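Data block below; observations after.
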Amino acid sequence: MIPIAKPFLGVEEEAAVVEVMRSGALAQGEKVRAFELAFADAMGARFAVATSNGTTALYLALLAHGIGPGDEVITSPLTFIATANAIAQTGARPVLADIDDSLNLDPQAAAELIGPRTKAIMPVHLHGNPCDMPAFLALADEHGLALIQDACQAVGATIAGTPLGVFGTAAYSLYATKNITTGEGGMVITNDPRVAQTCASLRHQAYSNQAYVHEVIGYNFRMTEMQAAIGLVQLGRLKVITERRRDHARYYDAHITSERFLRPRVAPGHRHVYHQYTLRAPRPGGLSRDEIRTRLEQAGVGTGVYYPVPVHRQPAYRHHANPSCPRAEAAATDIFSIPVHPGVSDAERKVVAEAVNAL
Ligand SMILES: Cc1ncc(COP(=O)(O)O)c(C=O)c1O
């Protein structure tokens, strides 16, 4: 079976972990600091704050932008549930606006839901495909809103050559299946020194300038030195990993010729980093998505669906009375992803394309 995801780790990561273990300094320290500096630089931001995972990175970014009870944050319904959970955990309400044909939050749909309680917009770069950030920046400026990117799936993505950090605060996940990983891990990047300082403090029990004096209630969302050591090596591989994923995507673009499938739009100049390579199989007259997935599995091709239930249809969010999002609902029923990770060989990607064409 060609798996849908597989971490891309080597002996350098092993050696880096062993070095940390032998040093005896295991908790957040110099490696984490070095990883933060390198990550900020790679993403085009002034500051980076490492966290325990992507959800805590999103949560801290929201808190640092002053989001809390009574506020509304507009985001995409077609995302991992963690996006909405991070918003809800601040006491704010996630407001789900529909997507467009890129599968990302539609700036126009987001604009229509801005109201007196709206404090922030959180676009999600789904599957590594960058959102229309210039449009969201303009919208946030016009209405005086915070703009916080859920870049959990989009490490290394750029827009017209500009890294996402230039567009302001973003949160990344370094979970095991992400393009680069520390097993679990996260990162907030920002150009605002106050946001960086607030995230760094809250992550570590809200430390202050006075040792063991705490003005507010904080958290333990720290990253370990082992994670950071792996992360530093992984970051060094980012170019190679991204290029391999993009090369697989170009291959699928050219060789999956079946007219049965649609592809999410990638805007001109948007550098998609293909955390997932996603196809759409609108049903009329064809196989159901379940049948497609079963047949691909029989041909040795693993698939995934990211995500089958939009946030506003989740039992946990039903009480939020969100308006319907028909485009997200349609996508949730017809999307599926095929293996695009760097562990896929040239021979395997041929198997994948042929299996998809044979459906
Ligand atoms: C879009 C999105 N948001 C948030 C998260 C949360 O990240 P984590 O699992 O590291 O907490 C993830 C990844 O899992 C994600 O894909």
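The values are calculated or read from the model by the stated rules, or taken from the named source; none is laboratory data. Just so it is clear, the model here is predicted, and its values are computed rather than measured. Here the Cβ positions follow ideal geometry from the backbone for every residue, glycine too, while neighbour counts run over all protein chains shown. Heads up: the accessible areas ignore ligands, DNA and RNA and are worked out on the full protein's heavy atoms, side chains in. Shrake-Rupley method; radii C 1.70, N 1.55, O 1.52, S 1.80 Å.
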- Message: For V95, what residues show an amide H to amide H distance below 5 Å, using hydrogens built from the backbone and excluding near sequence neighbours?
- Response: V73, I74, T75
- Taking the Cα atoms of the stretch 221-285, report the difference between the largest and smallest coordinate on each principal axis, in whole Å and largest first. 53, 25, 20
- How far apart, in nm, are two points set 7 Å out from the Cα along the Cα-to-Cβ line at R283 and at R194? 5.1
- Item | Residue (of A176, V213, A200) at the positive-pole extreme of the stretch 11-234, dipole from beta-carbon charges | V213
- Query: When the Karplus curve 6.51 cos²θ - 1.76 cosθ + 1.60 is applied with θ = phi - 60°, which whole-Hz ³J(HN,Hα) does each residue of the stretch 22-39 get, with x for Gly and Pro?
  - Reply: 6, 5, x, 9, 9, 8, 2, x, 5, 5, 4, 4, 5, 5, 4, 4, 5, 5
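Counting only heavy atoms of protein chains, what accessible area per residue, in Å², does the chain have with a probe of 1.4 Å?
42
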- Item | Cα-based reach from K239 at 15 Å (exclusive), listing aspartates and glutamates while leaving out same-chain residues under 8 positions away | D41, D247
- Using every alpha carbon pair in the chain, what percent of pairs falls into each 20 Å bin from 0 up to the bin containing the largest distance? 30, 57, 12, 0
- What residue among L279, A138, Q108 has its Cα farthest toward the positive end of the dipole of the chain, where the charges are +1 on Lys, Arg and -1 on Asp, Glu, each on the Cβ? L279
- Interchain or long-range residues, amide H under 5 Å from A146's placed H: A120, I121
- Message: Run the simple label-point estimate for L113 and A27 please: 7 Å along Cα→C-beta, distance reported in nm.
- Response: 4.0
- Message: Tell me the Kirkwood radius of the stretch 238-357: reciprocal of the mean inverse pair distance over distinct alpha-carbon atoms, in Å.
- Response: 15.7
- Surface share of carbon and sulfur [accessible, 1.4 angstrom probe, percent] for the stretch 11-234: 54
- Label-point separation (nm) for N357 and H320, each offset 7 Å from Cα along Cα-to-Cβ? 4.2
